[in-house]
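Working notes, structure below.
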């Protein structure tokens, strides 16, 4: 086999194994996030939203749908991306993967591709669930799918990095709990940053999650807190940074071979 050939059989084997694990844990992987998100719709969309005015001509219940999808997507993508590779380290089978005739590109493609696939499926299921509670309009469906795929892939890559970095199970939850979730709540998931005072609007623009949620919301309703080009650029930049980090880890063997 040529050194430049892509080992699609090896990639498919890892990818299929990870998706099978997703099917075996369907309640934890799919049903639980859907139930949690449904509760958000009941509390914020129905109970609170009925007492709030429209946001940019969109009912509050519909306005928070993109933010809720992103909120779930961030955490689940990280979880899916980190667990698959970390369990290989935990059981010691990571060395079988490293010694197999697959390059690091193929390993990352398989693990991250499976994690992103799970997250995209979850996002679409939550979108379908949201339609049961509020009327939803998707003005730019192609861009919606693009942001959904890019965000799922980017945070699955971040999860893969965390899975390689973590030395224990508790470290897998540090970044999602202490960094990603707070940034999401402060990133406009439940409100427009235009509602904030001018000073806080400026501060919010330093939160990278604002650009991800804003771009995704634009694909639904054609309105955004920041320019959609800036949102796309921020998403691609984050994706590129994660790719660079993964390449550096495999090149140096950081917390991988030792």
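Tabulated values for the structure
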quantity: Helix-only CD estimate at 222 nm, as mean residue ellipticity for the chain, using -39500 (n - 2.57) per DSSP H run (n ≥ 4); calculated: -21000 deg cm²/dmol
quantity: Length-normalised contact order for the stretch 8-252 - Cα pairs under 8 Å, 6+ apart - percent; calculated: 26
quantity: Separation of alpha-carbon centers, the stretch 109-165 and the stretch 47-99, rounded to whole Å; calculated: 8
quantity: Packing rank of 152-158, 104-110, 128-134, 198-204, where each peptide gets the mean count of other beta carbons within 10 Å, highest leading; calculated: 152-158, 104-110, 128-134, 198-204
quantity: Tilt relative to the chain, helix 141-165 - C-alpha long axis, 0 to 90 degrees, to 10; calculated: 50
quantity: Distance (nanometres) between label positions extended 7 Å along Cα→Cβ at residue 173 and residue 16; calculated: 3.5
quantity: Residue 243-residue 203 FRET efficiency (beta carbon distance; Förster radius 25 Å; 0.05 resolution); calculated: 0.30
quantity: Semi-axis lengths (Å, descending) of the ellipsoid that matches the C-alpha gyration tensor of the stretch 143-258; calculated: 29, 16, 11
quantity: Kirkwood Rh and Cα Rg combined as Rg over Rh, evaluated for the stretch 8-252; calculated: 0.99
quantity: Helix 104-130 vs. the chain, principal-axis angle (Cα, 0 to 90°, nearest 10); calculated: 30
quantity: Label-point gap, in nm, between residue 9 and residue 25 - each point 7 angstrom along Cα→Cβ; calculated: 2.9
quantity: Spread of Cα-to-Cα distances over 10 Å intervals beginning at zero, given as percent, for the stretch 163-225; calculated: 21, 41, 23, 14, 1
quantity: Rounded tilt (10° steps) of 208-221 against the dominant C-alpha axis of the chain; calculated: 60
quantity: Proxy reagent accessibility, fewest Cβ within 10 Å first, across 76, 96; calculated: 96, 76
quantity: Extension gain, residue 105 back to residue 233 (0.36 nm per residue minus Cα-Cα distance, nm); calculated: 43.8 nm
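No value in this document is a laboratory result; all are computed from the given coordinates. Note that the structure is predicted; figures quoted are calculated from it, not measured. Counting neighbours? That spans all protein chains shown, and the Cβs are built from the backbone with ideal geometry, glycine included.
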